[in-house]
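Only one structure is covered here, and it is reproduced in the block below.
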Amino acid sequence: MEEEGIIRRRVALIDRKKANIAITVFMAVKAPRHQVEWLDAFKRIISKFPEITEAYRLTGDADYLPRIVVPNIDAYDDVYKRLITQLDFSDISSSIAMEEMKFTTAVPTDYI
């Protein structure tokens, strides 16, 4: 699968509690306008935030959903403030994960 490019890279999984980044926040972002320039700027900006570990462009009520890992709410507030100083948003709402019920990086391989 590596030779075929299916396996892109190998990573180590860390214990986030032991690494002091146990808080997960999902940030629902609404763009002020749907333009490629805004999307490109958003991608460029979030790539500079190590706390943003994943981000998705969505259908539905929110346009984008970054996943943020931080040690505490103050650290999340700092990420939020740094983000809003770099780009305009129509709306941002956040949900803090209370419990990680399932987490895996494994994907089904039956479809290959």
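Overview of values
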read-out	value
Gap separating the Cα centres of the range 51-112 and the range 9-26, nearest whole Å	14 Å
Phi to ³J(HN,Hα) by Karplus 6.51 cos²θ - 1.76 cosθ + 1.60 over the range 102-108, Hz, x for Gly, Pro	8, 9, 8, 9, 6, 10, x
Under-5 Å amide H pairs with Asp63, H placed in peptide plane, nonlocal only	Val29, Lys30, Ala31
Local net charge near Tyr56, Cβ-Cβ under 11 Å (Lys/Arg +1, Asp/Glu -1)	0
Mean ellipticity per residue at 222 nm, deg cm²/dmol - from DSSP H runs of n ≥ 4 across the chain, formula -39500 (n - 2.57)	-6500 deg cm²/dmol
Computed over the range 23-96, Kirkwood Rh from alpha-carbon pairs, angstrom	12.3 Å
Relative contact order [Cα under 8 Å, 6+ residues apart], the chain, whole percent	36 percent
Packing rank of 56-69, 1-14, where each peptide gets the mean count of other beta carbons within 10 Å, highest leading	56-69, 1-14
Protection-proxy order for peptides 20-30, 94-104, each taking the mean of Cβ atoms within 10 Å per residue, highest first	20-30, 94-104
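Every number here is computed from the coordinates shown, using simple stated rules; none is lab data. All values reported here derive from a predicted model rather than from experimental measurement. Glycine gets a Cβ as well: all are built from the backbone with ideal geometry, and neighbour counts include every protein chain shown.
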